[in-house]
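Below is one structure, written out as structure tokens; the observations come after it.
The values are calculated or read from the model by the stated rules, or taken from the named source; none is laboratory data. These figures come from a predicted structure and were not determined experimentally. Because the Cβ atoms are built from the backbone with ideal geometry, glycine has one as well, and the counts that use them run over all protein chains shown.
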């Protein structure tokens, strides 16, 4: 069995099992499972720490325990406290078909005190650096303590605004440290790229199209 297969089994918590009768499958169509929610109260330390709610999708119980290590989550809450106005919701997902893991802060433009700044030059993401660094550090602690492959999990911020859903991913040399951002944010799963070079992070999103910049502006409530 390959390393990737072992990771798949561990993350999803699934192993070989007897097939269900076909007639039963026909009676009950498969429905997407909602994220499992685990609330871990951050250890209040220096700064304005916030409690953290962890949500999991496609992640098995063993890895849920890894990500829920109280010390790691407490430090994450302390690091996010300067930028997040209230409880921080962090979603951890694993796509077993494509072997892609993600860690995202789920928030709103109003709750994110360290939001990006829009100007004529573009979208300045540098104010979001504390959030990027906090998520990268959390990912790295889980990776170095339990499974180095967690270092490949994409990390970022998902902004929820009315019907808009925008995700800004941290970017740069692998594994990105959270100080810079990927130049291709996604809007409801569709990427729209600014100027940039592959594998290099940016702090300013410079769009060639005014329409594309407007998409990003809307994400931050501009």
Number of the exception - residue 143 against (1) more than 20 Å from residue 193 (Cα to Cα); (2) surrounded by 15 or more Cβ atoms within 10 Å (Cβ to Cβ); (3) touching a residue at least 60 places away in the same chain (Cβ under 8 Å): (3)
Any hit, segment 55-62, residues being at pLDDT below 70, in a loop (DSSP other than H, G, I, E, B), under 22 Å from residue 157 (Cα atoms) and touching a strand residue (DSSP E or B) at 6+ places or on another chain (Cβ under 8 Å): no
Residue identified as under 29 Å from residue 217 (Cα atoms) and surrounded by fewer than 16 Cβ atoms within 10 Å (Cβ to Cβ) among 82, 116, 88, 137: 82
Segment 141-174, residues that are on the phi < 0 side of the Ramachandran plot and in a loop (DSSP other than H, G, I, E, B): 146, 147, 153, 163, 171, 173, 174
Pair list, Cβ under 6 Å, 6 or more apart: segment 147-158 residue closer than 15 Å to residue 59 by Cβ, other residue modelled with pLDDT of 95 or more and buried (at least 24 other Cβ atoms within 10 Å of the Cβ): 153/139; 155/135; 155/139; 155/170
Total residues in segment 87-104, condition part of a strand (DSSP E or B), within 22 Å of residue 149 (Cβ to Cβ) and in contact with a helix residue (DSSP H, G or I) (Cβ under 6 Å, 6 or more places away or on another chain): 3
Candidate set: segment 205-222, residues that are touching a helix residue (DSSP H, G or I) at 6+ places or on another chain (Cβ under 9 Å) and under 18 Å from residue 167 (Cβ atoms); chosen: the one modelled with the highest pLDDT: 205
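Among the residues of segment 119-127, is there at least one that is surrounded by fewer than 18 Cβ atoms within 10 Å (Cβ to Cβ), in contact (Cβ under 8 Å) with a residue 12 or more places away in the chain and in a helix (DSSP H, G or I)? First the steps, then the outcome.
Taking segment 119-127 first, the residues surrounded by fewer than 18 Cβ atoms within 10 Å (Cβ to Cβ) are 119-121, 124, 126-127.
Restricting the remaining residues to those that are in contact (Cβ under 8 Å) with a residue 12 or more places away in the chain gives 121, 124, 126-127.
With the extra rule that they be in a helix (DSSP H, G or I), the set shrinks to 126-127.
Yes, there is a match, as at least one residue in segment 119-127 is surrounded by fewer than 18 Cβ atoms within 10 Å (Cβ to Cβ), in contact (Cβ under 8 Å) with a residue 12 or more places away in the chain and in a helix (DSSP H, G or I).
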Odd one out for residue 43, checked against (1) in a loop (DSSP other than H, G, I, E, B); (2) under 21 Å from residue 145 (Cβ atoms); (3) at pLDDT 90 or above: (3)
Meets criteria (in a loop (DSSP other than H, G, I, E, B), buried (at least 18 other Cβ atoms within 10 Å of the Cβ) and touching a residue at least 24 places away in the same chain (Cβ under 8 Å)) for residue 221: no
